[in-house]
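A quick write-up on the structure given underneath.
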Amino acid sequence: MKSNLNYSPLGCGPYQGQEPVFPDDFPPRLKQLDLGPEELYLAWELVRLTGCALDTRQQRALMLLVLATRVAAAEGSTRLPLISGGYLDRILEELATSAEERAVIHDLLAGARPGDSGPANRALAALFGAPGDYRPFIFDHGSLYIQKLHVLEARVGENLRALLNLKPVTAPGGAIRVQPKRVREEALEEVLNNPPVGPEGKIVLDKEQVEAVRAALDGRLTIISGRPGSGKTSIVASILRVLVRLNEPPLESMVLAAPTGRAADRLRQATMNHLIAIPQPGAADRRLADACPPALTLHRLLGYSPDADRFWHNEYNLLPEQLVIVDESSMIDLVMMDQLLRALQPESRIVFLGDADQLPAVGVGTVLRDLCRSERAVRRGCAVVLKHSYRAREEDTDGKKILEIAAAVNAGRLSVTAAGESFRTVNRATELCFRGVEHLEAVNEKEFRAFWAGWENLFWSGLPDLKKYLLREYASGPAGFDEETTAILRLVLDYYDRFRLLTVTRVAAGGTGAEVVNSWFHYRWREKLKASGEVSVQSSLLVGEPVLVTRNDYYLRLFNGDAGLLLKIRPFSETGSRPAELMAVFPRGGSFFAYPLPALRGGLELAWATTVHKAQGSEFDHVAILLPTVPVRPLTRELLYTAITRARQSVTFVGSRELLELGVTRKMERASGLVDML
């Protein structure tokens, strides 16, 4: 007998009646929110699970609600708050919903909330549930969650709560020997009394920094947040110096980590520089300098396999390290945090460093920010916020201006003093002096290109013989580059790292996206090379161009965000001299490695300009922030603050004052329930 039941292709059960009407008017609504047609098909399939119990108006409203949860997740939120006039209504407005559609959506939400006997509207029982239910959507803390994100956030909250509640204790078998507080204080005092010496004298930890070191010594979980230049790497070195003296844990059980390879290398190098600068190192300091903990990306630390798309270390195969120090933690999303916490040994310590006011991770969640806002973490002394900056010294006029503007933007304003603003506005690129903070009023393509030409002149005038260094051939021996070549490569790559054009987006943005800017500089450099007789054909990559790695390559030990330079390299060959070829040169530790371009195809992009996201974890002498010529969603206060705090000597805003003020007043809206979970 033929059944009148149809079955959902999702395999979630039968539905009766005709399929929901596919809303042809929805795709235009989704386009402006960067949602593809697959999201609409997902919403349509989920509505099918309700059968024929909903009328056409309710079906459309339910699809819009599903799409709203997808918009929130795409924006990095872990949940969709349902408070009237809040996040949900803002997304529904962007989805161009009518008043009637919103009314039906709110009626559906009222009927979907689970009570003692389940949802009031039984047709919605297959879609909506409470914590612990296995349903596509979960109601919790006045918000609507996608079930997977609810599980992740609850699990991260549970693991963080456990770490906040525990102190370092002796592990089974005595894996960690915890010294009495008096002994820890003596070791700390010894470290504080023997500081490193920098160009301006002794590098002495201030009260906030000492508090951060003590928090790491006393707790299982420590969160240290501070703007760039607040001395976080000095804190890391001091923590390591104290723990090596206590041998808790052993030196070989310590590891440094970061979301990107470049950030990890910078953390280790800064730590080594700190140790080398100690005038009279003790035996423990010398041992630490000789065997400084390795610095790994989080993916590499956890043993990620791209082929299997899984991690080697998890709750069933724990990390061997007993101390994990993670830098640039604002870039860690909820998924990576969950993976990391599940892989920790029960007795391990973990220290998170970062800037909670910077852009959050590209993925979902705001874990570092939530930890800094957690009353439990603050009350227990596990969260320390550093307020002073040493990168741009307040005694320096230009540095002080950068600090003032960064603080003002972070507070949502541009005017920072009673006398007015601490930056000047000019109308012509030739009037810029690239000191402190400046604003070039630019509203069209001609004005932007005039600035790019001025930036180009600034770049080429700063290092004598730069072009000669870029066009010469470098020989690589059996052990890599010799000492003289390494010194030249360090000079040139460090020089490139002094300047950075930062964009809001990679594409579009009214002609100021990174791809457009890179194309302009690529063309200009190619014309210079042609005039010198260096190139006669077009090429997408030219000698002397800066490049950025766009994907992790564990075999080559290159990671997303690594910055390098294209140079002519003559590879070593035991059979005789080989001709020079264009290769990508990247720093690694204290030396450099050159990679043939065919091995990197599809994983490199030009880096005359990069997005602000790509620049996180880096610092430059001179930063120019290219504003879009039209309003775009990523232009927010957090993005501008992150861009400004990349600079040591100068910041130049390029764009209209109107869009600059728009970005300062727009705060990134990213809803998270982790504070509630904690």
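The values are calculated or read from the model by the stated rules, or taken from the named source; none is laboratory data. It should be emphasised that the depicted structure is a prediction, and the values quoted were computed from it without experimental measurement. Positions of Cβ are backbone-derived with ideal geometry, glycine not excepted, and every protein chain shown enters the neighbour counts. Accessible surface areas use protein heavy atoms only, side chains included; no ligands, DNA or RNA. Shrake-Rupley method; radii C 1.70, N 1.55, O 1.52, S 1.80 Å.
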* To do: Output yes when any residue across the range 248-255 is assigned to a helix (DSSP H, G or I) and touching a Lys or Arg at 6+ places or on another chain (Cβ under 9 Å), and no when none is.
  => yes
* Qualifying position, being open to solvent by 10 Å² or more (accessible area, probe 1.4 Å), touching an Asp or Glu at 6+ places or on another chain (Cβ under 8 Å) and touching a residue at least 60 places away in the same chain (Cβ under 8 Å), among Thr665, Thr645 -> Thr645
* Determine, yes or no, whether His388 is in contact (Cβ under 8 Å) with a residue 40 or more places away in the chain, more than 21 Å from Arg161 (Cβ to Cβ) and part of a loop (DSSP other than H, G, I, E, B). => yes
* To do: Could you list all residues from the range 535-552 that are in contact with a Gly (Cβ under 9 Å, 6 or more places away or on another chain) and farther than 18 Å from Val585 by Cβ?
  => Arg551, Asn552
* Structure fact -> Matching residues in the range 63-87 (under 13 Å from Arg102 (Cβ atoms) and in a helix (DSSP H, G or I)) number 3
* Index of the failed condition, Gly86 passing every other in (1) over 23 Å from Ile138 (Cβ atoms); (2) at pLDDT 85 or above; (3) surrounded by fewer than 16 Cβ atoms within 10 Å (Cβ to Cβ) -> (1)
* To do: Those residues that are assigned to a loop (DSSP other than H, G, I, E, B), open to solvent by less than 10 Å² (accessible area, probe 1.4 Å) and of a type in the set (A, V, I, L, M), I need them from the range 358-367; list them, please.
  => Leu359, Ala361
* Given the range 497-599, what strands (runs of 3 or more DSSP E) lie entirely inside it while holding 2 or more residues that are at negative phi and either free of Cβ contacts under 8 Å to residues at least 60 places away in the same chain or loosely packed, with under 15 Cβ neighbours inside 10 Å (or both)? -> 581-588, 591-596
* So Gly303 clears everything in (1) open to solvent by less than 30 Å² (accessible area, probe 1.4 Å); (2) touching a residue at least 12 places away in the same chain (Cβ under 8 Å) except one condition, right? Which one? -> (2)
* **Subset of the range 122-154 (residues that are under 22 Å from Leu340 (Cα atoms) and polar (S, T, N, Q))** => Gln147
* Structure fact -> Residues of the range 454-476 being touching a residue at least 40 places away in the same chain (Cβ under 8 Å) and of a type outside the set (S, T, N, Q), in sequence order, are Trp455, Glu456, Leu458, Phe459, Lys467, Leu470, Leu471, Arg472, Glu473, Tyr474, Ala475
* Asked: Of all the residues that make up the range 603-623, how many are in contact with a strand residue (DSSP E or B) (Cβ under 7 Å, 6 or more places away or on another chain) and either more than 13 Å from Asp497 (Cα to Cα) or among the polar types (S, T, N, Q) (or both)?
  -> 8
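Yes or no, residue by residue, for (1) modelled with pLDDT of 80 or more; (2) open to solvent by less than 70 Å² (accessible area, probe 1.4 Å); (3) within 24 Å of Ser234 (Cα to Cα):
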| site | (1), (2), (3) |
| --- | --- |
| Ala392 | no, yes, yes |
| Ile405 | yes, yes, no |
| Arg413 | yes, no, no |
| Val416 | no, yes, no |
| Gly420 | no, yes, no |
| Leu432 | yes, yes, no |
| Arg435 | yes, no, no |
* To do: Just give me the residues in the range 306-340 being in a loop (DSSP other than H, G, I, E, B) and of a type in the set (A, V, I, L, M), in sequence order.
  => Ala308, Leu318, Leu319, Ile332
* **Set Ala283, Ala308: member being farther than 23 Å from Arg342 by Cα, open to solvent by 50 Å² or more (accessible area, probe 1.4 Å) and free of Cβ contacts under 8 Å to residues at least 40 places away in the same chain** => Ala283
* Does Val156 satisfy the condition of being outside any strand (DSSP E or B) and closer than 26 Å to Arg376 by Cα? -> yes
* Here are Leu95, Leu108, Leu124, Leu82: which of them is more than 19 Å from Leu42 (Cα to Cα) and in contact (Cβ under 8 Å) with a residue 24 or more places away in the chain? -> Leu82
* **Residue among Asp333, Asp370, Asp355, Asp338 that alone is in contact with a Gly (Cβ under 7 Å, 6 or more places away or on another chain) and open to solvent by less than 30 Å² (accessible area, probe 1.4 Å)** => Asp355
* Asked: Among (1) in contact with a helix residue (DSSP H, G or I) (Cβ under 7 Å, 6 or more places away or on another chain); (2) under 26 Å from Glu669 (Cβ atoms); (3) not hydroxyl-bearing (Ser, Thr, Tyr); (4) not in a helix (DSSP H, G or I), where does Pro634 come up short?
  -> (1)
* Residue satisfying condition, being modelled with pLDDT of 95 or more and not hydrophobic (A, V, I, L, M, F, W, C), within set Arg220, Arg227, Arg241 -> Arg241
* So which residues in the range 211-233 are out of contact with any helix residue (DSSP H, G or I) (no Cβ under 6 Å at 6 or more places or on another chain) and open to solvent by 20 Å² or more (accessible area, probe 1.4 Å)? -> Glu211, Arg214, Asp218, Arg227, Gly229, Lys232
* Structure fact -> Across the range 107-134, the tally of residues that are open to solvent by 20 Å² or more (accessible area, probe 1.4 Å), under 16 Å from Tyr145 (Cα atoms) and assigned to a helix (DSSP H, G or I) stands at 1
* Test: Gly617 is closer than 21 Å to Ala514 by Cβ and in contact with an Asp or Glu (Cβ under 8 Å, 6 or more places away or on another chain) -> yes
